[in-house]
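Below is one structure, written out as structure tokens, with a few remarks after it.
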Amino acid sequence: MIRLENLTGADLSDAIEDIARLRIAVFRDWPYLYDGDLEYERRYLQSYELSDAAIVIGVYDGDWLVGASTGAPLADHAGDFQEAFESSGIDLKTTYYCGESVLLPRYRGRGIGQEFFDRREAYARGLGYRNICFCAVIRPPDHPLRPSQYRPLEGFWEGRGYARLPGVVAHFSWKDVDQAGETVKPLQFWLRSL
């Protein structure tokens with residue numbers, strides 16, 4: 001039976017290893033094409049463990065974690081995103097950040113993506129945040145690894161009230177599955193008011 005759980009504090013920390021493995025598995029596919037490693041994932045996810053206002057929405061099939069969606073105050077990620085937000089006029093202290101949503105393919109199409117956003121938005125609103133945002137990798141439409149059946153998510157995000165933040169783009173490096181080393185990728189930020 002599928003169940004969703006809000007994980008915070010010690011429960012969040014207990015799930016970190018499983019979240020790391022899930023991120024590696026799901027982000028290997030389009031559009032991230034991430035050739036990840038467990039050590040990097042542990043370091044990355046530590047920011048959620050250290051944040052008093054972080055949440056993970058865990059999706060379980062029995063005891064098996066099959067999906068996860070993260071959130072934390074944007075200010076907790078300020079070092080990574082400071083340059084992208086520098087001239088945006090957006091107050092990082094009043095903005096909550098949705099880090100990622102990963103779900104194994106066989107569990108998709110059941111409304112879990114909507115629930116990920118519903119729960120993170122409600123959590124951020126309950127903490128008094130005024131805005132909520134996320135970012136998504138920008139890939140060229142003619143990328144050779146883009147699957148022909150891929151359905152872009154922009155319509156889903158816009159339907160939830162999110163809009164692109166013009167000029168608010170972060171740049172991160174990771175190794176793609178078809179590359180010998182890391183390359184820099186742009187990630188577009190999206191935002192909505194709470």
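Overview of results
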{"quantity": "Flag for F134 being surrounded by 19 or more Cβ atoms within 10 Å (Cβ to Cβ), within 13 Å of the chain's Cα centre (by Cα), farther than 19 Å from I24 by Cβ and of a type in the set (A, V, I, L, M, F, W, C)", "calculated": "yes"}
{"quantity": "From A20, A84, residue being among the small types (G, A, S), crowded, with 16+ Cβ neighbours inside 10 Å and in contact with a strand residue (DSSP E or B) (Cβ under 8 Å, 6 or more places away or on another chain)", "calculated": "A84"}
{"quantity": "Filter result (part of a helix (DSSP H, G or I) and without any contact (Cβ under 8 Å) to a residue 24 or more places away in the chain) within segment 12-43", "calculated": "D14, R21, I24, L38, E39, Y40, E41, R43"}
{"quantity": "Selection from segment 144-186 of residues that are small (G, A, S) and over 21 Å from G79 (Cα atoms)", "calculated": "S148, G155, G159, G161, A163, A180, G181"}
{"quantity": "Filter pass, A72 being under 27 Å from L145 (Cα atoms) and part of a strand (DSSP E or B)", "calculated": "no"}
{"quantity": "Conditions (1) exposed (fewer than 12 other Cβ atoms within 10 Å of the Cβ); (2) outside any loop (DSSP other than H, G, I, E, B); number of the one not met by V169", "calculated": "(1)"}
{"quantity": "Odd one out for F189 among (1) closer than 18 Å to H77 by Cα; (2) loosely packed, with under 13 Cβ neighbours inside 10 Å", "calculated": "(2)"}
{"quantity": "Criterion: exposed (fewer than 14 other Cβ atoms within 10 Å of the Cβ), within 16 Å of the chain's Cα centre (by Cα) and either in a loop (DSSP other than H, G, I, E, B) or among the aliphatic types (A, V, I, L, M) (or both) - qualifying residue of P152, P147", "calculated": "P152"}
{"quantity": "Residue satisfying all of: in segment 79-121; part of a loop (DSSP other than H, G, I, E, B) and among the basic types (K, R); nearest to the chain's Cα centre (by Cα) among these", "calculated": "R108"}
{"quantity": "Residues located in segment 54-69, provided they are free of Cβ contacts under 8 Å to residues at least 60 places away in the same chain, in a strand (DSSP E or B) and within 16 Å of I132 (Cβ to Cβ)", "calculated": "V56, S69"}
{"quantity": "Residue check for L103: surrounded by fewer than 20 Cβ atoms within 10 Å (Cβ to Cβ) and under 30 Å from S148 (Cα atoms)", "calculated": "yes"}
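Any read-out appearing in this document is the output of simple, stated calculations on the displayed coordinates, not a laboratory observation. Here the structure is a predicted model, which is why all the values come from computation and not from measurement. Cβ sites come from the backbone with ideal geometry, for glycine too, and all protein chains shown count toward neighbours.
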